[in-house]
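Read the structure below first, then the notes.
FYI, it's all coordinate maths here, none of it is from the lab. Computed from a predicted structure; not experimentally measured. Note that we place each Cβ from the backbone using ideal geometry, even for glycine, and neighbour counts take in every protein chain shown.
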Amino acid sequence: MALLEIIELQAQVEEKQILNGINLSIQPGEVHAIMGPNGSGKSTLSNVLAGNESYEQTGGNVLFDGADLSELDAHERARAGLFLAFQYPVEIAGISNMYFLKAAVNAIREHRGEKQLDAMEFLDVIEDKKKLVKIREDLLERAVNSGFSGGEKKRNEIFQMAMLEPKMAILDETDSGLDIDALRIVADGVNALRSPERGFLVITHYQRLLEYIVPDFVHVLVNGRIVKSGGKELALELEEHGYEAFEGAAV
Amino acid sequence: MKIEDEKSFDELTDKEYKYGFVTDIESESLPPGLNEDIVREISRRKEEPEWLTEWRLKAFRAWQKMETPEWAKVEFPPIDYQALSYYSAPKQKIDAPKSLDEIDPELLETYEKLGIPLREQEMLAGVVAVDAVFDSVSVATTFKGKLEEMGIIFCSFSEAVKDHPELVKQYLGTVIPTKDNYFAALNSAVFSDGSFCFVPKGVRCPMELSTYFRINAANTGQFERTLVIAEEGAYVSYLEGCTAPQRDENQLHAAVVELVALEDAQIKYSTVQNWYPGDKNGKGGIYNFVTKRGHCRGDRSKISWTQVETGSAITWKYPSCVLKGDDSVGEFYSVAVTNNMQQADTGTKMIHVGKNTSSTIISKGISAGRAHNSYRGLVRIGPTAENARNFSQCDSMLIGDRCGAHTFPYIDVSNPSAQVEHEATTTKIGEDQIFYCNQRGLDTEEAVSLIVNGFCKEVFRELPMEFAVEAQKLLGISLEGSVG
């Protein structure tokens, strides 16, 4: 059974149709990349999958681990193991990153029927995971994303992903705004989390990220439709010829 | 938000007030109405000395000539003071209970439901002493013996009148005169009971003193009187907590709290107020019209007010400090939450009189539903207050788009050496913040609670530990169903 099965998905934002029937099937252990020009619907896809209520699913179906996603609220999708690394992580003043993560980890553990972590156990897990993305201690103490640089925010997203251990992770333009060093650290973190059980959907504008996170499949998204799918070499092809060739085809 | 969600939020909002129950205890109440005879009768039943009866009568006569204040940003129909009963005491099988075993078991059960197991508290060696006020008469006082050994007096107000009349006479009404304002005058005339605390020179009270208030009998106004005195170099931390059984009629709660700090003394007064707020259409709920003021009389004395106000249909309350002693310090930390139809007009007054006096005001107002939340504060630097300093920070948070937040700062400076700062912010919980939390597995209620607690952190850290935990929970309960 596919981990994530997207069938003829249509969606709109503020009554404007953005996704025009997307089909995609991701098996456990696979890394899929979606590439597309600005305005092709990349972020809409990630938001619809995560259950953002500003985005409305108007047609089609999405099955996650066999369950109909449209039946689940955003927090239920998260608890079921769907993770979204935000393109623009949100700041929350007054709540330390650590405290926030502990609440999140325990909400998800409770859903899985696992026991809540106490402060000491939680710190142990943190020690373990923070090496993955080389996150600085003081970022854990600071309020969630408050005053973080762009790179720190993205690193924090990957760190949260490591802590929450999702079944399926969606990375929404995680490479945007990163310099080459930060990009490498983020990619190393993602690669360390690759496993035969976990699926990844990497959404990006540029081929650059895919040099570090090597996908099993690449899909080209244009005007709310996947117009071409292929192996990792498709990314290189895009780099060379741009999206223009596909934009004509999609209309 | 999807429609299904709104429905479930409504269900949450409709949740019955957790503490809404009525204890079936025979009350010896006076008939409704207010006149000089009633005032005399209250005083007689309480076996008070003549000077106190006269003091009450003087207040009553003053009250008769006064008018209900209308400057606050709150709305309510006129109160019929003649329809209220001014005295309600639970009947006891034995006149003066000597231990908890002698307390009416039904009464104890009420406390159990409210989550204040007195028995356990007594056993929890020395954490908090509770002088529990049920309706108007104090029924149980714990840890009194231990405190007595240190010379600390902590008892009900009636007991203090009987056992320490000289102290009561010396301090009563010296911070808040009987004619101070409409509700203080009313309280002075008909106050039924309350708490009294005296910490002698050089003594540091080793435990948090705690009082719980409750309004039980229908249509009974509750008029507490609290007097806390810290002599030279003394220290005391005092906690006040409130939960009230559910009633349809609005109930009036007009308390008076007076604090006196002498030289080098320090008083920390913390309140968690959770009176019944009324249902979501604004029916029922407590009118909380309270006068609280502290006098920093001695040099280097300090008074801190910390309050978490989540309940009551209407809150009208300005815990204040008069900084008379040189180098004295006044602090006010407040979280006021209003949801549904609740109204709050709350803040503080910092009156600088002495030299080098300083004050800090941190106010956090949270509005949800159709509620209105106002901060009203006065900072007055008198001509004698050389080098006085004040810092005020008033932050408002809005949840939803039908509520209101208002800030009314009054600054009155008559000394050119003063330094006064005022900062204010207004924020709204964003849908993007909620979604971010949702995406990390937290449901919307948890997300709101988390964000709001972060907003209030500066105030919560001023609360004693066990109170801070309770306050955080209360905030969560109060805002349940507020995001739709």
Out of the GluC sites (Glu not before Pro) in the range A:55-120, which ones are loop residues according to DSSP with at most 13 other C-beta atoms within 10 Å? A:Glu114
Counting only DSSP beta bridges with both residues in the range A:4-250, what percent are antiparallel, rounded to the nearest 5? 55
For the pair B:Glu54 and B:His406, the simple spin-label estimate (label points 7 Å beyond Cα toward Cβ) gives in nm 4.3
Value of relative contact order over the range A:144-224, rounded to a whole percent, pairs C-alpha under 8 Å and six or more apart: 34
Quick one: net charge around A:Met163, please, counting Lys, Arg +1 and Asp, Glu -1 for every other residue with C-beta under 10 Å from its C-beta. +2
Does a label point 7 Å from the Cα of B:Arg461, set along Cα-to-beta-carbon, have any residues of the range A:87-123 with amide nitrogen under 19 Å, and which are they? A:92-102
Using 7 Å Cα-to-Cβ label points, what is the A:Arg184/B:Arg40 separation (nm, one decimal)? 9.5
Return a whole-number percent for the relative contact order of the range A:4-250, with Cα pairs under 8 Å and 6 or more residues apart as the contact set. 28
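With 10 angstrom as the radius, rank B:Leu52, A:Leu84 by how many other C-beta atoms surround their C-beta, starting from the fewest.
Taking fewest neighbouring Cβ atoms as first place, the list is B:Leu52, A:Leu84.
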Taking the dipole about the Cα centre of the range A:4-250, with the C-beta of Lys and Arg at +1 and of Asp and Glu at -1, give me whichever of A:Gln207, A:Ser96, A:Gln57 is farthest to the positive side. A:Ser96
Which residues in the range B:320-360 have a backbone N closer than 17 Å to a point placed 7 Å from the Cα of B:Trp71 along the Cα-to-Cβ line? B:320-322, B:345-352
Which cross-chain or sequence-distant (5 or more) residues have an amide H under 5 Å from the amide H of A:Thr174, H modelled 1.01 Å from N in plane? A:Ile203
Kindly state, to the nearest 0.05, the FRET efficiency for A:Leu123 paired with A:Val214, given R0 = 35 Å and r defined as their beta-carbon distance. 0.55
Footprinting proxy, B:Tyr269, A:Tyr206: sorted fewest to most Cβ within 10 Å, the residues are A:Tyr206, B:Tyr269
Separation between the B:Thr425 and A:Lys134 pseudo-spin-labels, each 7 Å from Cα along Cα→Cβ, expressed in nm? 3.2
Could you compute the net charge surrounding B:His352? Neighbours are other residues with a C-beta less than 15 Å from the C-beta of B:His352; K and R count +1, D and E count -1. +2
Which of A:His241, A:His219, A:His205 moves the most in a Gaussian network model of chain A with Cα springs under 10 Å? A:His241
Which of the residue pairs B:Lys58/B:Lys324; A:Lys130/A:Lys153; B:Lys65/B:Lys169; B:Lys268/B:Lys349; B:Lys428/B:Lys473 have a Cα-Cα distance greater than 18 Å in the structure shown? B:Lys58/B:Lys324; B:Lys65/B:Lys169; B:Lys428/B:Lys473
So what is the diffusion coefficient of the range A:107-198 in µm² per second by Stokes-Einstein at 10 °C and 1.306 mPa s, using a Kirkwood Rh over Cα pairs? 112
Output ordering of B:375-385, A:194-204 (per-residue mean of other Cβ within 10 Å, highest first) is B:375-385, A:194-204
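What does the convex hull of the Cα atoms come to per residue for chain A, in Å³?
For chain A, the hull spanned by Cα atoms encloses 123 Å³ per residue.
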Can you tally the net charge around A:Ala143? Count Lys and Arg as +1, Asp and Glu as -1, for every other residue whose Cβ sits under 13 Å from the Cβ of A:Ala143. -2
Given that compact globular proteins tend to follow 2.2 N^0.38 Å, what is the ratio of the alpha-carbon Rg of the range A:169-228 to that value? 1.15
Which order results if A:Met161, B:Met465, B:Met66 are arranged by neighbouring Cβ count within 10 Å, fewest first? B:Met465, B:Met66, A:Met161
